Amino acid sequence: MIAGVNFRFDVIKATVVACQFLQREGGSINIMKLVKLVYLLDRLSLARRGIAVVGGAYFSLPNGPITSEFLDLINSGCLWGLQDCRWEEFISDRQNHEIALVKEPGRNHLSDAEIDLVDAVYQEHGTKDQWQLRQWCHEHCEEWTPLEQGRERIAIDRIARALGKTDEQIARLREQAEELHFLSSAFAR
């Protein structure tokens, strides 16, 4: 078993999901708001389907929970070593804590169920600004650890437990994440 395993980060889905939220926001969005929406998307997906949409390593930060690779993608435009990173083709560089939609990527990398999850997250949280979302996460994401500085890893086990999953369901989530990591590694060769 891999300690602290999470679902593998999918840069293509991350880009399409970001564009979906950007479209719903009218073409631009505050970065902290987007980071929270993407975290909440994976959280909802874990609750309903037992698998993340975007995946990645989740962390508690002073401003709430985040997906580390997603924030790195926003900050750098690409992740080191990734071949099919087309973020910058669709999304602008950050300016004044915001990013903007440059071009629509289509949605063919997301299933109808994943689009429904994006809609559900946006319907519940889309009218909140970044500070209201931060506060909501602080109050409702039990897996988040309050911190003054730094970061602390949030394993899917902790998210699943906060969502009310049983030990058996949590074990299955962990197994799925490990299997997907193995398959991704095997097919990447």
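The values are calculated or read from the model by the stated rules, or taken from the named source; none is laboratory data. Small disclaimer: the values here were computed from a predicted structure and weren't measured. FYI the Cβ positions are ideal-geometry reconstructions off the backbone, even for glycines, and counts take in every protein chain you see. All accessible areas refer to the heavy atoms of the entire protein, side chains included, with ligands and DNA or RNA removed. Shrake-Rupley method; radii C 1.70, N 1.55, O 1.52, S 1.80 Å.
List the pairs whose first member sits in region 144-162 and is farther than 16 Å from residue 61 by Cβ, whose second member is in a loop (DSSP other than H, G, I, E, B), and whose Cβ atoms are under 6 Å apart, counting only residues at least 6 apart or on separate chains?
156/6; 162/142; 162/143
In region 34-54, which residues are on the phi < 0 side of the Ramachandran plot and not hydrophobic (A, V, I, L, M, F, W, C)?
36, 39, 42, 43, 45, 48, 49
Yes or no, residue by residue, for (1) surrounded by 14 or more Cβ atoms within 10 Å (Cβ to Cβ); (2) of a type in the set (A, V, I, L, M):
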| residue | (1), (2) |
| --- | --- |
| 97 | no, no |
| 113 | no, yes |
| 118 | yes, yes |
| 121 | yes, yes |
| 129 | no, no |
| 166 | no, no |
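Those residues that are aromatic (Phe, Trp, Tyr) and either in contact with a Gly (Cβ under 9 Å, 6 or more places away or on another chain) or surrounded by fewer than 21 Cβ atoms within 10 Å (Cβ to Cβ) (or both), I need them from region 46-80; list them, please.
59, 70, 80
Take region 137-149 and flag every residue that is open to solvent by 50 Å² or more (accessible area, probe 1.4 Å) and either in a helix (DSSP H, G or I) or at pLDDT below 95 (or both).
139, 140, 146, 148, 149 - these are the residues of region 137-149 that are open to solvent by 50 Å² or more (accessible area, probe 1.4 Å) and either in a helix (DSSP H, G or I) or at pLDDT below 95 (or both).
Those residues that are small (Gly, Ala, Ser), within 10 Å of the chain's Cα centre (by Cα) and either open to solvent by 20 Å² or more (accessible area, probe 1.4 Å) or within 30 Å of residue 171 (Cβ to Cβ) (or both), I need them from region 5-37; list them, please.
14
Testing residue 130 on (1) within 18 Å of residue 55 (Cα to Cα); (2) in contact (Cβ under 8 Å) with a residue 40 or more places away in the chain; (3) out of contact with any Cys (no Cβ under 9 Å at 6 or more places or on another chain), one condition comes back false. Which one is that?
All conditions are met except number (1).
Here is a check on your reading of the model: is residue 88 assigned to a helix (DSSP H, G or I), open to solvent by 80 Å² or more (accessible area, probe 1.4 Å), free of Cβ contacts under 8 Å to residues at least 60 places away in the same chain and within 22 Å of residue 11 (Cβ to Cβ)?
Yes: the conditions hold for residue 88.
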